[in-house]
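The values are calculated or read from the model by the stated rules, or taken from the named source; none is laboratory data. Bear in mind that the values here come from a model prediction, so they are computed numbers and not experimental data. FYI the Cβ positions are ideal-geometry reconstructions off the backbone, even for glycines, and counts take in every protein chain you see. Remember, those area values only see protein heavy atoms, side chains included, never the ligands or the DNA or RNA. Shrake-Rupley method; radii C 1.70, N 1.55, O 1.52, S 1.80 Å.
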Amino acid sequence: MAKEGAQRAEETEQMIEKEGGKEAAEGGAAGNLRAGDAKEMRAVVLSAFGGLNKLRVSKKAMPEPQEGELKIRVKACGLNFIDLMVRQGNIDNPPKTPLVPGFECSGIVEALGDSVKGFEIGDRVMAFVNYNAWAEVVCTPVEFVYKIPDDMSFSEAAAFPMNFVTAYMMLFEVANLREGMSVLVHSAGGGVGQAVAQLCSTIPNVTVFGTASSFKHEAIKNSVTHLFDRNADYVQEVKRISTDGVDIVLDCLCGENTGKGLSLLKPLGTYILYGSSNMVTGETKSFFSFAKSWWQVEKVNPIKLYEENKVIAGFSLLNLLFKQSRGGLIKGVMDKLLNLYNTKKIKPVVDSLWALEEVKEAMQRIHDRGNIGKLILDVEKAPTPLVS
């Protein structure tokens with residue numbers, strides 16, 4: 001084992017030296033950034049909260065692992081809708097800018113902090129990061145790092161943690177999904193939506209109702225049982241098929257959909273709010289959109305919940321990990337998910353790969369809801385030349 005670890009460490013160092021030398025020789029932007037100082041790296045920096053023009057790729061000092069941390073040479077990073085909200089400052093208690101966004105990545109272990117066990121230099125890993133993921137190198141506590149299966153690519157690994165853990169926690173830990181139940185999921189074509197559909201397929205006789213933009217229907221029609229246009233009256237469509245409604249509603253939209261979701265719940269059903277994408281209507285934060293969305297939220301009457309035997313819940317994976325210290329719980333969930341991956345029952349859906357310098361275009365694609373599955377920042381990808 002030690003011999004293999006040393007061999008992989010040597011291979012990793014050779015690969016890094018080779019890539020750094022190649023970029024410097026080519027004289028490209030990435031090469032120039034690395035050539036001056038071996039302790040510097042490229043990173044996507046958010047200079048201030050606002051529009052896409054607040055993002056840029058620039059040099060930053062390379063981090064070194066503290067006690068209990070791993071240093072990872074990043075290969076790919078995941079983009080999530082929460083990243084748009086961070087960019088706008090549309091979240092509770094945002095950190096101060098400038099900052100490096102991003103909460104998940106995959107790559108190769110480059111160094112180990114003191115007291116780190118269970119990993120070796122050269123290991124292929126995926127990780128949660130409390131910001132700073134969109135960079136060539138990240139450091140994160142060992143409890144947030146997981147080894148990648150041999151047949152999983154770096155881009156698939158970057159698409160795996162946030163989406164599948166969120167979907168699994170909501171379905172099985174919060175809502176207790178069981179055989180014969182029914183689920184309504186919004187944004188069925190997105191990363192979490194596709195993860196929900198795949199996990200539901202692992203339980204017998206689960207009916208999945210999904211909403212998505214009409215242009216996505218052909219691509220995702222086989223992943224859900226019943227698919228509706230996101231702009232249609234899905235409440236009546238669901239009730240036409242299931243007069244009693246559904247057992248679980250997964251809502252990433254908020255606003256008027258909260259009341260609609262609650263109205264669709266069967267007795268003992270569970271409504272889970274895990275996002276509020278309806279609040280992001282433009283490139284920058286809009287107080288009007290924020291106020292309108294919350295004004296449309298149906299005021300929840302606890303007595304009515306009691307009388308109708310309904311459950312309302314919320315879920316935030318990032319808060320669970322970084323504010324509520326539930327890394328151990330998430331590790332157990334990741335073990336179950338990786339077992340499902342290894343038995344070929346689930347597989348992350350990657351929409352497209354983007355260079356770090358293309359982060360603005362990638363974010364716009366998420367904002368326009370054009371993606372089917374996950375958008376990935378590929379750290380080694382060169383920007384696509386503009387066609388005149």
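The combined condition, being in the same structural domain as G373 (by the TED database) and either over 22 Å from A133 (Cβ atoms) or modelled with pLDDT of 95 or more (or both), is fulfilled by E156. If you go through the stretch 97-114 and keep only what is among the small types (G, A, S) and farther than 23 Å from K323 by Cα, you end up with G107, A111.
Taken together, G191, G210 contain a single residue that is crowded, with 19+ Cβ neighbours inside 10 Å and in contact with a helix residue (DSSP H, G or I) (Cβ under 6 Å, 6 or more places away or on another chain), which is G191.
For the stretch 336-363, which positions are more than 30 Å from L171 (Cβ to Cβ), open to solvent by less than 70 Å² (accessible area, probe 1.4 Å) and not acidic (D, E)? A355, L356, V359 - these are the residues of the stretch 336-363 that are more than 30 Å from L171 (Cβ to Cβ), open to solvent by less than 70 Å² (accessible area, probe 1.4 Å) and not acidic (D, E). Pull up the stretch 194-207, narrow it to residues that are free of Cβ contacts under 8 Å to residues at least 60 places away in the same chain and open to solvent by less than 30 Å² (accessible area, probe 1.4 Å), then point me to the one that is farthest from the chain's Cα centre (by Cα). That would be V206.
Restricting the first member to the stretch 213-233 and to residues that are more than 15 Å from G191 (Cβ to Cβ), and the second to residues that are among the polar types (S, T, N, Q) and buried (at least 16 other Cβ atoms within 10 Å of the Cβ), the beta-carbon pairs closer than 7 Å and six or more apart or on different chains are T225/T207; F228/T211; R230/T211; R230/S213.
Determine whether the stretch 76-92 contains at least one residue that is farther than 22 Å from D378 by Cα, assigned by the TED database to the domain that holds G370 and free of Cβ contacts under 8 Å to residues at least 12 places away in the same chain. If you could, list the steps in order and put the result at the bottom.
First, pick out the residues of the stretch 76-92 that are farther than 22 Å from D378 by Cα: 88-92.
So of that shortlist, the ones also assigned by the TED database to the domain that holds G370 come out as 88-92.
Filter once more, keeping what is free of Cβ contacts under 8 Å to residues at least 12 places away in the same chain: 91-92.
Yes, the stretch 76-92 has at least one match.
Which ones in the stretch 313-326 are surrounded by fewer than 17 Cβ atoms within 10 Å (Cβ to Cβ) and touching a residue at least 60 places away in the same chain (Cβ under 8 Å)? The one that is surrounded by fewer than 17 Cβ atoms within 10 Å (Cβ to Cβ) and touching a residue at least 60 places away in the same chain (Cβ under 8 Å): A313. Exactly one condition in (1) touching a strand residue (DSSP E or B) at 6+ places or on another chain (Cβ under 7 Å); (2) at pLDDT 95 or above is not met by K336; state its number. Result: K336 fails condition (1) only.
Quick one: in the stretch 60-93, of everything that is among the charged types (D, E, K, R) and more than 28 Å from F119 (Cβ to Cβ), which residue is nearest to the chain's Cα centre (by Cα)?
Let us first name the residues in the stretch 60-93 that are among the charged types (D, E, K, R), namely 60, 64, 67, 69, 71, 73, 75, 83, 87, 92.
Checking which are more than 28 Å from F119 (Cβ to Cβ) leaves us with 87, 92.
Details: R87: 15, D92: 18 Å.
Restricting to residues being among the charged types (D, E, K, R) and more than 28 Å from F119 (Cβ to Cβ), the top hit is R87.
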